[in-house]
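Asker: Quick one: structure below, then a few questions.
Bear in mind these aren't lab numbers, they're just calculated from the coordinates by the rules spelled out. Everything numeric in this text was worked out from a predicted model, so none of it was measured. Positions of Cβ are generated from backbone atoms using ideal geometry, with glycine treated the same way; all protein chains shown enter the neighbour counts.
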Amino acid sequence: TPKLRLPRNVSLIFLPSRAPELNPVENIWQFLRANWLANTVFDGIEHIIDAACSAWNNLAALPDTIRSIGLRKWAHTGQCP
């Protein structure tokens, strides 16, 4: 809105709509699929739930990996990452 008054130290970054690659959580799902869920034939819903929980727990044990997946170099305008 033109009525929005931004402080001078705030920069807006306009993202296109419907761009899942710009949403960090999409990269989390891609990482889970690539590392723990790919090429798996599931026997049923319980197997899917167990595999997803196991993958999530594996990732939760890697906080530096989570941080690196969520970083966007283009989002750091004039700042050190």
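Asker: Let me see the P(r) profile for the chain: every Cα-Cα distance counted, bins of 5 Å, each bin given as a percent of all pairs.
Answerer: 3, 11, 16, 17, 14, 13, 9, 6, 5, 3, 2, 0
Asker: State the answer as a single residue: which of ALA61, PRO24, ALA34 lies farthest towards the positive end of the charge dipole of the range 20-72, with beta carbon charges of +1 for Lys and Arg and -1 for Asp and Glu, about the Cα centre.
Answerer: In the range 20-72, that residue is PRO24.
Asker: From the phi of every residue in the range 46-51, what ³J(HN,Hα) in whole Hz does the Karplus formula 6.51 cos²θ - 1.76 cosθ + 1.60 yield, where θ is phi - 60° and glycine or proline is x?
Answerer: 5, 5, 4, 5, 4, 5
Asker: Compute the signed sum of charges (Lys and Arg +1, Asp and Glu -1) over the other residues within less than 13 Å, Cβ to Cβ, of THR40. Before the final figure, lay out each step's value.
Answerer: On the way: positive: ARG33; negative: ASP43, ASP50.
Local charge sum for THR40: -1.
Asker: Apply the Karplus parameterisation 6.51 cos²θ - 1.76 cosθ + 1.60, with θ equal to phi minus 60°, to every residue of the range 52-67 and state each ³J(HN,Hα) to the nearest whole Hz, in sequence, with x for glycine and proline.
Answerer: 5, 5, 5, 4, 4, 5, 4, 5, 4, 7, 10, x, 5, 5, 4, 4
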